[in-house]
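Some notes on the structure that comes next.
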Amino acid sequence: MYCTVKEIIREVLDTDVPDSECVFAVVLTRGDVRHIAQDWSLTDDELETVMQRLDDAFEYGADVSVVHGVVRELMEEKRASRQVTVPAVMLEKVMALAGSEMKRLYAVGSENGGDGD
């Protein structure tokens, strides 16, 4: 459950559990999740998204691997939708180099008895 401490306490107090029964609760703060996912250097917005997704994932119980899985999924979504810009001058150089290399490979293939393809 991703909410304020007061809301969590109310939920726990409203749970119909006999007084003698022990329960297990895990509390993950944003700081805890940031530490667990330190390899990814999450922004505040990304951390909020992870916390919301963890709320769904932990509904039925989970462990640290769930945190890693949620963060990996978010990073993959970002990677898939990213856009890269290249200055036109650099793109021209890359295209010229690629063209030169294709010609060189064709020549080497032809010299060695191939048809160049």
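The values are calculated or read from the model by the stated rules, or taken from the named source; none is laboratory data. These numbers come from a predicted model, not from an experiment. Cβ sites come from the backbone with ideal geometry, for glycine too, and all protein chains shown count toward neighbours.
Against the test of being under 29 Å from the mean Cα position of the chain (by Cα) and among the hydrophobic types (A, V, I, L, M, F, W, C), the options Met95, Met51 yield a single qualifying residue, Met51.
Go through segment 1-16 and give me each residue that's loosely packed, with under 10 Cβ neighbours inside 10 Å and part of a loop (DSSP other than H, G, I, E, B).
Thr4, Thr15, Asp16 - these are the residues of segment 1-16 that are loosely packed, with under 10 Cβ neighbours inside 10 Å and part of a loop (DSSP other than H, G, I, E, B).
Taking segment 10-39 as the range and being within 31 Å of the chain's Cα centre (by Cα) and at pLDDT 90 or above as the test, the residues that pass are Thr29, Arg30, Gly31, Asp32, Val33, Arg34, His35, Ile36, Ala37, Gln38, Asp39.
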